[in-house]
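The values are calculated or read from the model by the stated rules, or taken from the named source; none is laboratory data. It should be emphasised that the depicted structure is a prediction, and the values quoted were computed from it without experimental measurement. Neighbour counts are summed over all protein chains in view; Cβ atoms, including those assigned to glycine, are modelled from backbone coordinates with ideal geometry. Please note that ligands, DNA and RNA were not included when accessible areas were found on the heavy atoms of the full protein model with its side chains. Shrake-Rupley method; radii C 1.70, N 1.55, O 1.52, S 1.80 Å.
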Amino acid sequence: MRSMLAIRFWSLLFVVVAALWWWATRTHAGSWWWAAVLNVIPPQILLPLPLWLAWRAMKAKKRGWVLLNLAAAALFTVSTVGFVLPKAAKPQMQSDVPLTLMTLNANYASASPAHLAEIALREGVQVLTLQEGLNKSFSAEPYQSELRAAFPNWTLVRHDELLTLSRLPVLKSQVVKFPNTPHAVLVTWLRDEGQTVMVVNTHLPTLSLMPNSSDKVLGRDLPERIGHGLSIRRDFQQTVAGLLRQNAGPLVLAGDLNTPARGGVVNQLRFLKLRDAFAEGGSGFGFTHYALPLMGHSRIDYVWVRDLQVVRATVQRDLLSDHRAYVVRLSVPAPVDETSGAGESGKPDDGK
């Protein structure tokens, strides 16, 4: 009897904790520091508890409590990690233009350019956005030269660790700095069969649970570290909002946002009327970070779109760095007016 009371107590406690976790990370991860901390921690770490309770209940022949714990574990995982049900592929309009983009965190230039080129050829990639394209000594070379060799006849645009490669014509590029923090996005305007598409390459720093060297110098405690990270995310939202106001037409925002598919940054981008490509064209969990074959870690690499149709979104199985490459096939609406869009042509900024 005492054993069964313990099973009931811990089972109901897990349900309460799971509900509070879901509520906090969905609604307050962008403002409450402790909710943001929960957003950093993979919720899978709680799964051993309901699975162990289900096993104990099975031994006690309490089928109802077995089902409760299994259902609670499944619902918690799907609702917090983010699971996308398969959808029928959307047909591309005959007049629309195809665009295939791949994004990857190269983990300080550890992703092999030759392997990247192999995947790009296999998947028909036209645009590649890389983050952490510097080596561990924060140098752009020789990685940049290796990329040029692996992607001949592609245009390479770079700002610091951000690299955008395109085999489509590049009209211009621009670095847009955050208003209050020393971060930036790399913006590139491409021409795809008469239509102009703006590609925003970005990488948000992770919310640091452990202090880095800067935190130690400034004496930041955990709430201050998380608060600093949240301020960068607010800057990011303000920067993207400015780009959306100043530029009409198709837009792709791609990169490592260091946030799971719930709350915080995700809510900010949805507020700006951008759409998550994986939610529209992907299936499953879509883990991109520490994505093991059977169980991953989280989906923190994204492609968000405006005025584009998502045909398909897939996370590649190839292990390139501590991330996996994410490929999105898009359909670009045929241009109505040849002078619309960014429209300002100029000499490509090839990062030289």
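Values for this structure:
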| quantity | calculated |
| --- | --- |
| Boolean, Leu230 is assigned to a strand (DSSP E or B), hydrophobic (A, V, I, L, M, F, W, C) and in contact with a Ser or Thr (Cβ under 9 Å, 6 or more places away or on another chain) | no |
| Pair list, Cβ < 8 Å and 6+ apart or interchain, from region 236-257 residues that are more than 20 Å from Pro333 (Cβ to Cβ) and part of a strand (DSSP E or B) to residues that are open to solvent by less than 20 Å² (accessible area, probe 1.4 Å) and among the charged types (D, E, K, R) | Gly255/Asp301; Asp256/Asp301 |
| Qualifying residue in region 207-216 (condition: assigned to a strand (DSSP E or B) and surrounded by 22 or more Cβ atoms within 10 Å (Cβ to Cβ)) | no |
| Condition met for Ala60 (under 18 Å from the mean Cα position of the chain (by Cα) and touching a residue at least 40 places away in the same chain (Cβ under 8 Å)) | no |
| Selection within region 9-25 - surrounded by 13 or more Cβ atoms within 10 Å (Cβ to Cβ) and either aromatic (Phe, Trp, Tyr) or in contact with a helix residue (DSSP H, G or I) (Cβ under 7 Å, 6 or more places away or on another chain) (or both) | Trp10, Ser11, Phe14, Val15, Ala18, Trp21, Trp22, Ala24, Thr25 |
| Meets criteria (open to solvent by 10 Å² or more (accessible area, probe 1.4 Å), of a type in the set (Asp, Glu), out of contact with any helix residue (DSSP H, G or I) (no Cβ under 7 Å at 6 or more places or on another chain) and at pLDDT 95 or above) for Asp301 | no |
| Out of Ser139, Ser110, Ser145, sole residue that is closer than 25 Å to Phe178 by Cα, of a type in the set (Gly, Ala, Ser) and out of contact with any strand residue (DSSP E or B) (no Cβ under 9 Å at 6 or more places or on another chain) | Ser139 |
| Residue ranges of strands (runs of 3 or more DSSP E) in region 138-203 with at least 2 members open to solvent by 30 Å² or more (accessible area, probe 1.4 Å) and closer than 30 Å to Gly227 by Cα | 155-159, 170-177 |
| Selected residue (only one of Gly286, Gly255 is open to solvent by less than 30 Å² (accessible area, probe 1.4 Å) and closer than 17 Å to Glu123 by Cβ) | Gly286 |
| Single unsatisfied condition, Ala261 versus (1) at pLDDT 95 or above; (2) buried (at least 20 other Cβ atoms within 10 Å of the Cβ) | (1) |
| Count - residues of region 316-333 that are open to solvent by 10 Å² or more (accessible area, probe 1.4 Å), in a strand (DSSP E or B) and at pLDDT below 95 | 5 |
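Residues are listed down the side, and each one gets a yes or a no for (1) acidic (Asp, Glu); (2) in contact with a Leu (Cβ under 9 Å, 6 or more places away or on another chain); (3) over 21 Å from Gly30 (Cα atoms):
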site: Asp192; (1), (2), (3): yes, yes, yes
site: Gln238; (1), (2), (3): no, no, no
site: Ala241; (1), (2), (3): no, yes, no
site: Gln246; (1), (2), (3): no, no, yes
site: Pro260; (1), (2), (3): no, no, no
